[in-house]
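Reading through the structure tokens given below for one structure.
Please treat every number below as a calculation from the coordinates, not as lab data. The structure displayed is predicted, hence computed values, not measured ones. Please note: Cβ atoms are built from the backbone with ideal geometry, for glycine as well, and neighbour counts cover all protein chains shown.
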2 protein chains.
Amino acid sequence: MRLTQWTDYTLRVLMYCAASQGRVQPVTITEIAASHGISRSHLTKIVQDLAARGWLETTRGRGGGLRLLVLAKDIALGEVVRAMETDFAMVECFDPTLNQCRLSGHCRLKGVLNQATQSYLGVLDAVTLADLVPTSVNGLPPAVN
Amino acid sequence: MRLTQWTDYTLRVLMYCAASQGRVQPVTITEIAASHGISRSHLTKIVQDLAARGWLETTRGRGGGLRLLVLAKDIALGEVVRAMETDFAMVECFDPTLNQCRLSGHCRLKGVLNQATQSYLGVLDAVTLADLVPTSVNGLPPAVN
């Protein structure tokens, strides 16, 4: 049971931008790619997706880059994970087109796993991006290891 | 975010056996394979694993088959999922050998995702195999759809 790499990287992009709020120069994809060792092309797709969702603003050219459009304290982790994870089908019977389980009609498993997933997301709903990253004191990104 | 097929099928084997407790003839792998449309060889590996864990007894030959060694009410769903899911590394930084994230040192994400996972498993800990399946009134397996 794990989150997808897409969700993992999305969270890192958002956290990097959140940690850099207040900086004069916006964050760049190149900078995040270098900092995390993730390919630029992979990050570009993620940034495009985040821009389409209204979470990031991207500006081109000299002095351009990425900027959070929403305050970090207003982006709940549960909202991000719900948006990015397309497959919450914990077991086969969650997907009626694939389900071959013949116990489905009288089994409580699906309901219980749904309840557990909601509990998982409930924890993430209570945490915002601002809770995850250190406060940027001087507008610089946090020191990296 | 989903459980592995191994966990899915393991739960079905246990539930099938739980629903059939009290039957004169023990459940067979062939029967479960036919009922769920899962390959016998796949189920055989799962049954061997469950027998090694002391949850199932397997007997060979005529009249042989599978039988739960533990009462269904004493097998918590959380215990089964914990035993079967080998990968609770929600994101890259959970695995120190793979971790390339340079925010790790000062990021709360790992702790929050751990907390969410514990909440997920906590829901499953409160449910037993007996809660999942209909009571077998006459020792026959439940009617299938």
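Express in nm, to one decimal, how much length is gained between A:Ala126 and A:Ala33 on full extension, taking 0.36 nm for each residue of separation and deducting their alpha carbon distance.
Values: separation 93, 0.36 × 93 = 33.48 nm, distance 2.88 nm.
Gain on stretching A:Ala126 to A:Ala33: 30.6 nm.
Residues with beta-carbon under 14 Å from that of B:Gly65, excluding B:Gly65: net charge, scoring Lys, Arg +1 and Asp, Glu -1? Please list the in-between numbers first.
On the way: positive: B:Arg23, B:Arg40, B:Arg60, B:Arg62, B:Arg67; negative: B:Glu31, B:Glu57.
Around B:Gly65, the surrounding residues sum to +3.
What is the distance, in nm, between label points placed 7 Å from the Cα along the Cα-to-Cβ direction at B:Arg67 and at A:Arg53?
5.3
Per residue of A:2-13, what is the mean number of Cβ atoms on other protein chains within 10 angstrom of that residue's Cβ? It would help to have the intermediate numbers written out before the result.
Numbers: counts 13, 6, 2, 2, 0, 3, 9, 3, 0, 6, 8, 0.
Mean shielding count: 4.
Could you list which residues have their amide H under 5 Å from that of B:Leu56, counting only those 5 or more apart in sequence or on another chain, with H placed in the peptide plane?
Long-range HN contacts for B:Leu56: B:Ala51, B:Leu69.
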